[in-house]
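To start, the structure itself, in C-alpha coordinates.
The values are calculated or read from the model by the stated rules, or taken from the named source; none is laboratory data. Bear in mind the structure is a predicted one, so any value in this text is a computation, not a measurement. For neighbour counting, all protein chains shown are included, and Cβ atoms are generated from backbone atoms with ideal geometry for every residue, glycine included. These area figures cover heavy atoms from the full protein model, side chains too; ligands, DNA and RNA do not enter into them. Shrake-Rupley method; radii C 1.70, N 1.55, O 1.52, S 1.80 Å.
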Amino acid sequence: VRIYAIFPQGAQARQSVDVSVTNGADLDELKAMSFSHPGITAEHTSGNNFKVTVAPDVPAGVYDVRVHGLFGTSNPRCFVVGSRPEIVETEGNNTREQAQAVEVGTVINARSNSAADVDFFKFTGAKGQRVLAECSAIRIDSRFHGELRLYSATGRRLGRSIALERRFDPLLDVTLPEDGEYFIRVSDFVYAGSNDYGYRLTVHDGPHIDFVMP
(Lines give C-alpha, C1' and ligand atoms only; values in the text may rest on other atoms or scores of the structure.)
Protein backbone atom coordinates (compact mmCIF):
# COMPACT_ATOMS: atom_id res chain seq x y z
CA VAL A 1 0.00 0.00 0.00
CA ARG A 2 1.28 3.46 -0.90
CA ILE A 3 -0.23 6.82 0.01
CA TYR A 4 1.01 9.90 -1.81
CA ALA A 5 -1.45 12.50 -0.52
CA ILE A 6 -4.15 13.05 2.07
CA PHE A 7 -6.50 15.99 2.48
CA PRO A 8 -6.77 17.94 4.64
CA GLN A 9 -3.27 17.52 6.04
CA GLY A 10 -4.06 18.56 9.60
CA ALA A 11 -6.56 19.50 12.28
CA GLN A 12 -6.86 21.56 15.43
CA ALA A 13 -6.57 19.81 18.78
CA ARG A 14 -10.01 19.07 20.29
CA GLN A 15 -11.58 18.84 16.83
CA SER A 16 -12.72 16.20 14.35
CA VAL A 17 -12.18 16.45 10.60
CA ASP A 18 -13.01 14.33 7.54
CA VAL A 19 -9.75 13.14 5.95
CA SER A 20 -9.43 11.44 2.55
CA VAL A 21 -6.57 9.55 0.92
CA THR A 22 -6.55 11.49 -2.35
CA ASN A 23 -3.71 9.70 -4.16
CA GLY A 24 -1.94 6.39 -3.72
CA ALA A 25 -1.45 2.86 -4.99
CA ASP A 26 -2.94 -0.49 -3.97
CA LEU A 27 -5.59 1.21 -1.84
CA ASP A 28 -8.02 -1.70 -2.08
CA GLU A 29 -10.29 -2.29 0.88
CA LEU A 30 -8.88 0.36 3.18
CA LYS A 31 -10.20 -0.33 6.65
CA ALA A 32 -8.16 1.67 9.15
CA MET A 33 -5.99 4.75 9.61
CA SER A 34 -3.44 5.06 12.43
CA PHE A 35 -1.22 7.81 13.80
CA SER A 36 2.06 8.06 15.67
CA HIS A 37 0.27 9.66 18.64
CA PRO A 38 -2.38 7.63 20.50
CA GLY A 39 -4.47 10.76 21.01
CA ILE A 40 -5.23 10.96 17.27
CA THR A 41 -7.80 8.37 16.22
CA ALA A 42 -9.70 7.62 13.03
CA GLU A 43 -12.99 5.97 12.13
CA HIS A 44 -13.38 4.52 8.62
CA THR A 45 -16.48 6.03 7.00
CA SER A 46 -16.35 4.87 3.35
CA GLY A 47 -13.85 4.06 0.61
CA ASN A 48 -10.74 6.16 1.17
CA ASN A 49 -12.44 8.41 3.74
CA PHE A 50 -11.97 8.61 7.51
CA LYS A 51 -13.22 10.76 10.37
CA VAL A 52 -10.17 11.83 12.38
CA THR A 53 -10.46 13.07 15.96
CA VAL A 54 -7.66 14.86 17.82
CA ALA A 55 -7.77 14.69 21.62
CA PRO A 56 -7.38 17.93 23.63
CA ASP A 57 -4.03 16.88 25.11
CA VAL A 58 -2.25 16.20 21.80
CA PRO A 59 0.61 18.73 21.50
CA ALA A 60 0.88 20.84 18.36
CA GLY A 61 3.28 19.21 15.93
CA VAL A 62 3.74 16.94 12.93
CA TYR A 63 2.79 13.26 13.23
CA ASP A 64 2.92 10.18 11.01
CA VAL A 65 -0.28 8.80 9.50
CA ARG A 66 -0.65 5.41 7.83
CA VAL A 67 -3.55 3.46 6.32
CA HIS A 68 -4.20 -0.27 6.42
CA GLY A 69 -5.95 -2.29 3.74
CA LEU A 70 -6.02 -5.50 1.72
CA PHE A 71 -2.31 -5.28 0.83
CA GLY A 72 -1.03 -4.33 4.27
CA THR A 73 0.16 -1.12 5.91
CA SER A 74 1.20 1.96 3.96
CA ASN A 75 4.16 4.29 4.14
CA PRO A 76 3.79 7.27 6.51
CA ARG A 77 2.68 10.74 5.49
CA CYS A 78 2.59 13.92 7.57
CA PHE A 79 -0.44 15.02 9.57
CA VAL A 80 -0.25 18.33 11.43
CA VAL A 81 -1.95 19.09 14.74
CA GLY A 82 -2.34 22.81 15.38
CA SER A 83 -3.61 25.11 18.10
CA ARG A 84 -5.42 27.64 15.89
CA PRO A 85 -8.89 27.31 14.31
CA GLU A 86 -8.80 25.54 10.93
CA ILE A 87 -10.92 25.75 7.81
CA VAL A 88 -10.85 24.12 4.37
CA GLU A 89 -10.46 26.10 1.17
CA THR A 90 -13.68 26.78 -0.71
CA GLU A 91 -13.02 26.44 -4.44
CA GLY A 92 -14.00 29.14 -6.85
CA ASN A 93 -11.43 31.49 -5.26
CA ASN A 94 -9.27 31.90 -8.36
CA THR A 95 -9.50 35.68 -8.67
CA ARG A 96 -9.32 38.58 -6.26
CA GLU A 97 -13.05 39.19 -6.72
CA GLN A 98 -13.71 35.57 -5.63
CA ALA A 99 -11.30 35.64 -2.67
CA GLN A 100 -12.32 33.49 0.29
CA ALA A 101 -12.72 35.54 3.47
CA VAL A 102 -10.61 34.34 6.42
CA GLU A 103 -9.91 35.63 9.91
CA VAL A 104 -6.44 36.52 11.15
CA GLY A 105 -5.44 33.65 13.42
CA THR A 106 -6.72 30.91 11.10
CA VAL A 107 -5.17 27.91 9.31
CA ILE A 108 -6.49 27.22 5.81
CA ASN A 109 -6.10 23.70 4.39
CA ALA A 110 -5.94 24.07 0.62
CA ARG A 111 -4.58 22.66 -2.65
CA SER A 112 -3.35 23.67 -6.04
CA ASN A 113 -5.87 21.43 -7.75
CA SER A 114 -4.57 21.60 -11.31
CA ALA A 115 -2.09 23.35 -13.54
CA ALA A 116 -2.33 27.16 -13.34
CA ASP A 117 -4.59 27.06 -10.26
CA VAL A 118 -4.38 30.26 -8.20
CA ASP A 119 -6.02 30.74 -4.78
CA PHE A 120 -7.04 34.08 -3.26
CA PHE A 121 -7.87 34.74 0.40
CA LYS A 122 -8.84 38.05 1.99
CA PHE A 123 -8.72 39.35 5.54
CA THR A 124 -9.37 42.61 7.35
CA GLY A 125 -6.43 44.30 9.05
CA ALA A 126 -5.58 47.47 10.95
CA LYS A 127 -2.95 50.13 10.34
CA GLY A 128 0.33 49.18 12.01
CA GLN A 129 -0.71 45.53 12.54
CA ARG A 130 2.04 43.02 11.81
CA VAL A 131 0.57 40.07 9.89
CA LEU A 132 2.35 36.87 8.89
CA ALA A 133 1.28 34.43 6.20
CA GLU A 134 3.07 31.09 6.53
CA CYS A 135 2.78 28.30 3.97
CA SER A 136 3.50 24.73 5.10
CA ALA A 137 3.95 22.35 2.17
CA ILE A 138 7.47 21.09 1.51
CA ARG A 139 7.96 20.42 5.22
CA ILE A 140 4.82 18.24 5.33
CA ASP A 141 5.55 16.02 2.30
CA SER A 142 3.68 18.05 -0.32
CA ARG A 143 4.91 18.62 -3.86
CA PHE A 144 3.67 22.22 -3.65
CA HIS A 145 6.43 24.83 -3.98
CA GLY A 146 4.53 27.93 -3.06
CA GLU A 147 4.58 31.56 -3.98
CA LEU A 148 2.77 34.05 -1.72
CA ARG A 149 1.86 37.62 -2.58
CA LEU A 150 0.08 40.19 -0.45
CA TYR A 151 -1.98 42.99 -1.99
CA SER A 152 -3.81 46.00 -0.61
CA ALA A 153 -7.43 46.73 -1.50
CA THR A 154 -6.20 49.04 -4.27
CA GLY A 155 -4.07 46.30 -5.84
CA ARG A 156 -0.70 47.49 -4.56
CA ARG A 157 1.68 44.60 -3.92
CA LEU A 158 3.00 44.75 -0.36
CA GLY A 159 5.03 41.55 -0.23
CA ARG A 160 6.16 38.43 -2.09
CA SER A 161 7.82 35.22 -0.95
CA ILE A 162 8.65 31.96 -2.74
CA ALA A 163 9.81 28.49 -1.75
CA LEU A 164 13.59 28.36 -1.83
CA GLU A 165 15.89 25.53 -2.95
CA ARG A 166 13.10 22.95 -2.56
CA ARG A 167 13.67 23.13 1.21
CA PHE A 168 12.00 26.22 2.62
CA ASP A 169 8.34 27.15 2.43
CA PRO A 170 7.41 30.79 1.77
CA LEU A 171 6.72 33.28 4.57
CA LEU A 172 5.30 36.80 4.35
CA ASP A 173 5.91 39.23 7.24
CA VAL A 174 4.24 42.60 6.60
CA THR A 175 3.23 45.59 8.74
CA LEU A 176 -0.06 46.83 7.29
CA PRO A 177 -0.05 50.45 6.10
CA GLU A 178 -3.74 51.22 6.75
CA ASP A 179 -7.07 49.86 7.93
CA GLY A 180 -8.91 47.78 5.37
CA GLU A 181 -9.07 44.57 3.36
CA TYR A 182 -5.97 42.72 2.21
CA PHE A 183 -5.59 39.88 -0.31
CA ILE A 184 -3.22 36.90 -0.24
CA ARG A 185 -2.50 35.23 -3.56
CA VAL A 186 -1.21 31.64 -3.38
CA SER A 187 0.10 29.56 -6.26
CA ASP A 188 2.68 26.92 -7.07
CA PHE A 189 5.89 28.61 -8.23
CA VAL A 190 5.72 26.88 -11.63
CA TYR A 191 1.89 26.72 -11.64
CA ALA A 192 1.75 22.96 -11.20
CA GLY A 193 -1.09 21.23 -9.41
CA SER A 194 -2.86 17.97 -8.54
CA ASN A 195 -4.05 16.18 -5.41
CA ASP A 196 -0.35 15.94 -4.43
CA TYR A 197 -0.07 19.75 -4.15
CA GLY A 198 -1.67 20.44 -0.80
CA TYR A 199 -0.64 23.19 1.58
CA ARG A 200 -1.54 24.74 4.93
CA LEU A 201 -1.68 28.53 4.99
CA THR A 202 -1.56 30.16 8.42
CA VAL A 203 -2.54 33.83 8.62
CA HIS A 204 -1.73 35.28 12.05
CA ASP A 205 -0.33 38.19 14.03
CA GLY A 206 1.36 36.10 16.71
CA PRO A 207 5.06 35.53 17.45
CA HIS A 208 7.37 33.86 14.94
CA ILE A 209 10.80 32.33 15.59
CA ASP A 210 13.40 33.13 12.92
CA PHE A 211 16.48 31.64 14.62
CA VAL A 212 17.57 29.93 17.80
CA MET A 213 21.17 29.65 19.03
CA PRO A 214 22.59 27.32 20.12
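Structure summary
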quantity: Out of G82, G92, G39, sole residue that is small (G, A, S) and at positive phi; calculated: G92
quantity: Matching residues in the range 102-144 - criterion: being farther than 18 Å from L172 by Cα and of a type in the set (A, V, I, L, M); calculated: A115, A116, I140
quantity: Pairs, first without any contact (Cβ under 8 Å) to a residue 60 or more places away in the chain in the range 119-136, second part of a loop (DSSP other than H, G, I, E, B) and open to solvent by less than 10 Å² (accessible area, probe 1.4 Å), C-beta under 8 Å, six or more apart; calculated: G125/L176; A126/L176; K127/L176; G128/L176
quantity: Candidates G61, G24, filtered to the one that is under 18 Å from A5 (Cβ atoms) and out of contact with any Gly (no Cβ under 8 Å at 6 or more places or on another chain); calculated: G24
quantity: Residue check for T22: free of Cβ contacts under 8 Å to residues at least 24 places away in the same chain and surrounded by 15 or more Cβ atoms within 10 Å (Cβ to Cβ); calculated: no
quantity: Out of S112, S187, sole residue that is under 19 Å from V80 (Cα atoms) and out of contact with any Pro (no Cβ under 9 Å at 6 or more places or on another chain); calculated: S112
quantity: Every residue from the range 144-166 that is assigned to a strand (DSSP E or B) and polar (S, T, N, Q); calculated: S152, S161
quantity: Of the criteria (1) out of contact with any Leu (no Cβ under 9 Å at 6 or more places or on another chain); (2) of a type outside the set (A, V, I, L, M, F, W, C); (3) buried (at least 19 other Cβ atoms within 10 Å of the Cβ); (4) part of a strand (DSSP E or B), which one N109 fails; calculated: (1)
quantity: Answer from S114, S136, S194, S142 - the residue that is under 25 Å from A11 (Cα atoms) and either basic (K, R) or exposed (fewer than 13 other Cβ atoms within 10 Å of the Cβ) (or both); calculated: S114
quantity: All strands (runs of 3 or more DSSP E) inside the range 1-82 with 2 or more residues being under 19 Å from Y199 (Cβ atoms) and in contact with a Cys (Cβ under 9 Å, 6 or more places away or on another chain); calculated: 61-69
